[in-house]
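Q: Following this message is one structure expressed as structure tokens.
The values are calculated or read from the model by the stated rules, or taken from the named source; none is laboratory data. Because the structure is predicted, anything quoted here is derived from the model rather than measured. Here the Cβ is made from the backbone with ideal geometry for all residues, glycine too, and neighbour counts use every protein chain on show. With ligands, DNA and RNA removed, areas are computed over all heavy atoms of the protein, side chains included. Shrake-Rupley method; radii C 1.70, N 1.55, O 1.52, S 1.80 Å.
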Amino acid sequence: MIFYFSSTGNSKWAARQIADSTGDELISIPEALKGHCQYELQAGEPLGFVFPVHGWRVPRIVGEFLKKVRLHTAAPSSPYCYCLLTAGDSVGKTMERFRKSLSEIQADFNMQLSLVETVVMPESYVGLPGMVTDTPEKERKKIEAAEKKIAAFTERLNRRVRSVGGQPEGWDGLVRGPIPGFFSSVVGGFFVHQLITDKPFHVDPDRCVKCGICANVCPVDDIKGGLGSEPVWLHNGKCLTCFACYHHCPHHAIEFGRRTQKKGQYFFGRRKLHKD
């Protein structure tokens, strides 16, 4: 099984690429959190995690899932476990943080990462000055490169490649970026405490057509609304500032303070990138 979280579709697409190759079941983390979060792995079944990087850290919703999930297997050996991160640029020490959380999962087997990867995907974070979506050409190149990287990743996954040096296969090749510890600790802390909030979100009533799409795509049900109603953010502390609502709005009626004015929108599949 593959547990995934995705807000603008990048990680869902990546997870689907893996599932198409392995035949494994895709399980949405936001949907899983609405249930019991107990799963039984069959003998030989790999265990995968695919999610985006938020502020050079593991998204809060993924952390919540890791604390709640219970995993079981009747197999005599531990399952082959892997993780693939998606990011618009670099991931800092997100994988190190995920690895620590993974070791604390409640499971009746030894949880060890065997294979890891980072895949650079089109940028979707637009919550700070200077941070914008990619141009169509850059978007196309990122996705084409990601296709090749994921294909190579699934080939290693299907062969059950394991590192012999104490670290998971692919560990040294992770796209951590410059001073990764600083970005995942200091800058990541700033994101968590100052930028992950729904308070700046608002809607322009002149552009809003009350379609309800924003409420439907919110992964944490933080938006009250639907067809025929303008969206209202609940300010309940659940917002991930993933910008799914902003990017999926068909009339660009949602803004994040003044920080998103005149900026572009992105979600996977929003525009045609390949010629027929």
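Q: Excluding Met111 itself, what net charge comes from residues whose Cβ is under 13 Å from its Cβ, given Lys and Arg +1 and Asp and Glu -1?
A: Once positives and negatives cancel, what remains is +1.
Q: Run the reach check for Lys93 against aspartates and glutamates, Cα to Cα strictly under 14 Å, same-chain hits fewer than 8 apart removed. What comes back?
A: By straight Cα distance, Lys93 reaches Glu117, Asp172.
Q: Moving on. Count charges around Leu240 for me, please; just the other residues with Cβ under 12 Å from its Cβ, Lys/Arg as +1, Asp/Glu as -1.
A: Around Leu240, the charge tally is -1.
Q: Can you give me the P(r) profile for the stretch 164-276? Cα pairs, bins 5 angstrom wide beginning at 0, each as a whole percent.
A: Over the stretch 164-276, the share of Cα pairs per 5 Å bin runs 2, 10, 17, 17, 15, 12, 10, 8, 5, 2, 1, 0 percent.
Q: Put a dot 7 Å past each Cα toward the Cβ at Thr22 and His193; how far apart are the dots in nm?
A: In this crude label model, His193 to Thr22 measures out at 3.7 nm.
Q: While we're looking at this one, here's another question. State the answer as a single residue: which of Pro219, Phe153, Gly181 lies farthest towards the positive end of the charge dipole of the stretch 139-260, with beta carbon charges of +1 for Lys and Arg and -1 for Asp and Glu, about the Cα centre.
A: Phe153
Q: Taking Cα atoms, how many degrees apart are the long axis of helix 94-103 and the longest axis of the chain, rounded to 10 and kept between 0 and 90?
A: Taking the Cα atoms of the chain, the angle to 94-103 is about 50 degrees.
Q: Report D for the stretch 12-51 in µm² per second (integer): Stokes-Einstein, Kirkwood Rh on Cα pairs, 25 °C, 0.890 mPa s.
A: 217 µm²/s
Q: Related question: How large is Rg over Rh for the chain, taking Rg from the Cα atoms and Rh as the Kirkwood inverse mean of 1/r across Cα pairs?
A: Working: Rg = 18.8 Å, Rh = 19.5 Å.
Rg divided by Rh gives 0.97.
Q: Counting only other residues whose beta carbon sits under 13 Å from that of Tyr82, what net charge do I get with K and R as +1, D and E as -1?
A: Within the 13 Å Cβ shell, the charges total 0.
Q: Semi-axes, largest first, in whole Å: what does sqrt of 5 times each Cα gyration tensor eigenvalue give for the stretch 73-229?
A: Details: eigenvalues 234, 83, 67 Å².
After scaling each eigenvalue by five and taking roots: 34, 20, 18 Å.
Q: Quick one: 3J(HN,Hα) in Hz for the stretch 6-13, Karplus 6.51/-1.76/1.60 with θ = phi - 60°, rounded, Gly and Pro as x.
A: 8, 10, 10, x, 4, 6, 5, 4
Q: Hey, could you grab the Kirkwood Rh for the stretch 52-129? Inverse mean 1/r over distinct alpha carbon pairs, Å, one decimal.
A: Working: mean 1/r = 0.0723 Å⁻¹.
After inverting the mean inverse Cα-Cα distance, the result is 13.8 Å.
Q: If the reach is capped at under 17 angstrom between alpha carbons, list the aspartates and glutamates near Lys224, excluding any in the same chain fewer than eight residues apart.
A: Asp198, Asp204, Glu255
Q: What is the antiparallel percent of DSSP beta bridges lying wholly in the chain, to the nearest 5? Display every interim value, and only then the final one.
A: Values: 7 of 33 bridges.
The antiparallel proportion sits near 20 percent.
Q: Let me cross-check Arg140: its accessible surface, 1.4 Å probe, with only protein heavy atoms counted, in Å² to the nearest 10?
A: Accessible surface of Arg140 is approximately 60 Å².
Q: Further question on the same structure: Restrict the search to the stretch 62-112; then list the GluC sites (Glu not before Pro) that DSSP places in a loop and that have at most 10 other Cβ atoms within 10 Å of their Cβ.
A: Glu104
Q: Same structure again: Quick one, what does Rg over Rh come out to for the stretch 12-105 if you take C-alpha atoms and the Kirkwood Rh?
A: 0.95
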